[in-house]
Amino acid sequence: MSAALDTWPPRIRPMTQLDLPAVWEIEKNAYDYPWSRGIFVDCLRIPYVCEVIEERGVTLGYAIMSMGGDEAHLLNLCLAAPARGRGLGTRLLEHMMARATREGVGVLYLEVRPTNKTAIALYRRAGFRRIGVRKNYYRADQGREDALVLACSL
Ligand SMILES: CC(C)(COP(=O)(O)OP(=O)(O)OC[C@H]1O[C@@H](n2cnc3c(N)ncnc32)[C@H](O)[C@@H]1OP(=O)(O)O)[C@@H](O)C(=O)NCCC(=O)NCCS
């Protein structure tokens, strides 16, 4: 099999230090208040579950999750803008949910901006339900924005 066919369709694999330039580029373009490069370095070092989705050697997106005991927290899920709307965010989310399930996690939590309708639709379809609100959780153009806390029983 040729190398090109070998990496088709998009595949999910663990993130490494070598992915950080591409990951951070996606992060900077995706969010008004992106994580710093150092946060990604820390996530790899801790280590959290850090995965990338790539196609033909090009990094299209990534997901980061912390796990502890019965709980896990999805800390970041992000696709490069040209890669959105192809079901890859759903695939990456399902991959993280399956990983948490395999590790014996009972509940997966995440925070999302109430204005992020795309992400909320994605999470609801995957089985997440709103369980609360964290007041003034996110930076925003004018002051702070609340976070919706979503949870999914695995
Ligand atoms: C949120 C995000 C990960 C979704 O990834 P994606 O690959 O585009 O999503 P999918 O193609 O798997 O679509 C899943 C669902 O999301 C919704 N969705 C996707 N693109 C959408 C769009 N442009 N407008 C509205 N809803 C959309 C739909 O409900 C879709 O379901 P469908 O298949 O019935 O249309 C992606 O938009 C992203 O990276 N956004 C920037 C970073 C971000 O906000 N991350 C979430 C932080 S909590």
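The values are calculated or read from the model by the stated rules, or taken from the named source; none is laboratory data. What you see is a predicted model, and the numbers here were worked out from it, not measured in a lab. All Cβ positions, glycine included, derive from the backbone under ideal geometry; neighbour counts span all protein chains shown.
Among the residues of the range 15-32, the ones that are outside any helix (DSSP H, G or I) and within 13 Å of the chain's Cα centre (by Cα) come to 2 in all. Remark: pairs (first residue in the range 113-136, farther than 13 Å from residue 147 by Cβ; second residue more than 10 Å from the ligand (Cβ to nearest atom) and assigned to a strand (DSSP E or B); Cβ separation under 8 Å; 6+ apart in sequence or on different chains) = 126/152; 127/152; 127/153; 128/108; 128/151; 128/152; 129/151; 129/152. The criterion of at least 3 residues that are within 9 Å of the ligand (Cβ to nearest atom) and of a type in the set (Phe, Trp, Tyr) is met by none of the strands (runs of 3 or more DSSP E) wholly inside the range 33-110.
One line per residue, one yes/no per condition, for (1) at pLDDT 95 or above; (2) in contact with a strand residue (DSSP E or B) (Cβ under 6 Å, 6 or more places away or on another chain); (3) surrounded by fewer than 18 Cβ atoms within 10 Å (Cβ to Cβ):
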{"residue": "3", "(1), (2), (3)": "no, no, yes"}
{"residue": "59", "(1), (2), (3)": "yes, yes, no"}
{"residue": "63", "(1), (2), (3)": "yes, yes, no"}
{"residue": "80", "(1), (2), (3)": "yes, yes, no"}
{"residue": "92", "(1), (2), (3)": "yes, yes, no"}
{"residue": "95", "(1), (2), (3)": "yes, yes, yes"}
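For residue 21, the conditions (1) under 22 Å from residue 117 (Cβ atoms); (2) surrounded by fewer than 13 Cβ atoms within 10 Å (Cβ to Cβ) are fulfilled apart from (1). Out of curiosity, is residue 55 charged (D, E, K, R) and either under 22 Å from residue 147 (Cα atoms) or exposed (fewer than 11 other Cβ atoms within 10 Å of the Cβ) (or both)? It is false that residue 55 is charged (D, E, K, R) and either under 22 Å from residue 147 (Cα atoms) or exposed (fewer than 11 other Cβ atoms within 10 Å of the Cβ) (or both).
Output the residue which, of all residues in the range 111-147 that are assigned to a strand (DSSP E or B) and of a type outside the set (D, E, K, R), is nearest to the chain's Cα centre (by Cα).
By that ranking, first place goes to 112.
Among residues of the range 123-150 being under 18 Å from residue 78 (Cα atoms), surrounded by fewer than 18 Cβ atoms within 10 Å (Cβ to Cβ) and aliphatic (A, V, I, L, M), the one that is nearest to the ligand (Cβ to nearest atom) is 126.
Being free of Cβ contacts under 8 Å to residues at least 60 places away in the same chain, buried (at least 17 other Cβ atoms within 10 Å of the Cβ), under 21 Å from residue 14 (Cβ atoms) and of a type in the set (Ser, Thr, Tyr) is a property that does not hold for residue 109.
The sole residue among 96, 65 that is in contact (Cβ under 8 Å) with a residue 24 or more places away in the chain, closer than 28 Å to residue 139 by Cβ and out of contact with any Phe, Trp or Tyr (no Cβ under 8 Å at 6 or more places or on another chain) is 96.
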